[in-house]
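Note sheet for the following structure.
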Ligand code: CIR
């Protein structure tokens, strides 16, 4: 039996372009360095491939500085895919650019048509449900439309809340296996993971919560040793990826791929 929440045969990524320096950020902590980001991106892609998965590597989209963060453009499920409707106006056009690739790999492709907004970074698919965090990018109409769109695929959508000041729901959590979540304490305190096994990132290492389980590996941002030690003690095979430049744009491990 395969577990579609952590076992994948494919991923879609997009290389960052020169315009990455214009990417959105909540706070200015310095300009991202494209060459270092490309090295880190290559390490990320190579790690996905090392699991045996095929990685569809798309070229940079200079017109969209945040286009490297492909996760926000679509929701990939075993039954089909849903094209998102980003809440950030500068990111809306990324969806049309991703759509042809999604249509190549899926027979059933649906769309969020609006008026609501929803970004993939706010969506966590677990073994039993789809959790969607309301945030500055994802609103009630967006969640309601997604709920309708996936209903006949027999997915239950549960609306939860992304903590204030946190970009996306998955900025603060990730799925380690069908019933195990890696979370910050602040997000777990909301009670949204009741019924799951929850592992907390170490205090002061909140950014480590945006990791991904991809086949045998957990890809985690480098620089959070206590969380990595905890994950390894729990039996996870962790690969640390330099995230210093993506972090300047509030991006992390999940944002850099669509996993299917
Ligand atoms: C943004 O603000 O939209 C980008 N700079 C970062 C997007 C990160 N995506 C994600 O967490 N899924």
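Among the residues of the stretch 196-223, count how many are more than 21 Å from residue 45 (Cβ to Cβ) and buried (at least 23 other Cβ atoms within 10 Å of the Cβ).
2
Would you be able to tell me the number of residues in the stretch 117-132 that are under 23 Å from residue 68 (Cβ atoms) and either touching a residue at least 40 places away in the same chain (Cβ under 8 Å) or in a helix (DSSP H, G or I) (or both)?
So the answer is 7.
Looking at the stretch 86-96, which of the residues that are in a helix (DSSP H, G or I) and surrounded by fewer than 18 Cβ atoms within 10 Å (Cβ to Cβ) is nearest to the ligand (Cβ to nearest atom)?
Taking the candidates together, the pick is 90.
Among (1) loosely packed, with under 13 Cβ neighbours inside 10 Å; (2) touching a residue at least 40 places away in the same chain (Cβ under 8 Å); (3) more than 28 Å from residue 104 (Cβ to Cβ), which single condition is residue 35 missing?
(2)
Which of the residues spanning the stretch 62-76 are more than 10 Å from the chain's Cα centre (by Cα) and near the ligand (Cβ under 9 Å from one of its atoms)?
65, 66, 68
Among the residues of the stretch 153-178, count how many are at pLDDT below 95 and over 21 Å from residue 70 (Cα atoms).
8
Got a number for residues in the stretch 97-143 being within 14 Å of the ligand (Cβ to nearest atom) and farther than 16 Å from residue 167 by Cα?
2
With the requirement that a residue be free of Cβ contacts under 8 Å to residues at least 60 places away in the same chain and within 16 Å of the ligand (Cβ to nearest atom), what does the stretch 210-246 give you? Don't jump to the end; show me each part of the working.
The first filter runs over the stretch 210-246 and keeps only residues free of Cβ contacts under 8 Å to residues at least 60 places away in the same chain, leaving 210-212, 218, 220-235, 237-238, 240.
Scanning the stretch 210-246 gives 210, 211, 212, 220, 221.
Failed condition for residue 146, given (1) in a loop (DSSP other than H, G, I, E, B); (2) surrounded by 15 or more Cβ atoms within 10 Å (Cβ to Cβ); (3) modelled with pLDDT of 95 or more, with all others met?
Just one mismatch for residue 146, condition (1).
The values are calculated or read from the model by the stated rules, or taken from the named source; none is laboratory data. Note that the coordinates shown come from a computational prediction; the quantities given were computed from them, not determined experimentally. Don't worry about glycine lacking a Cβ; one is built from the backbone with ideal geometry, like all the others, and counts go over all protein chains shown.
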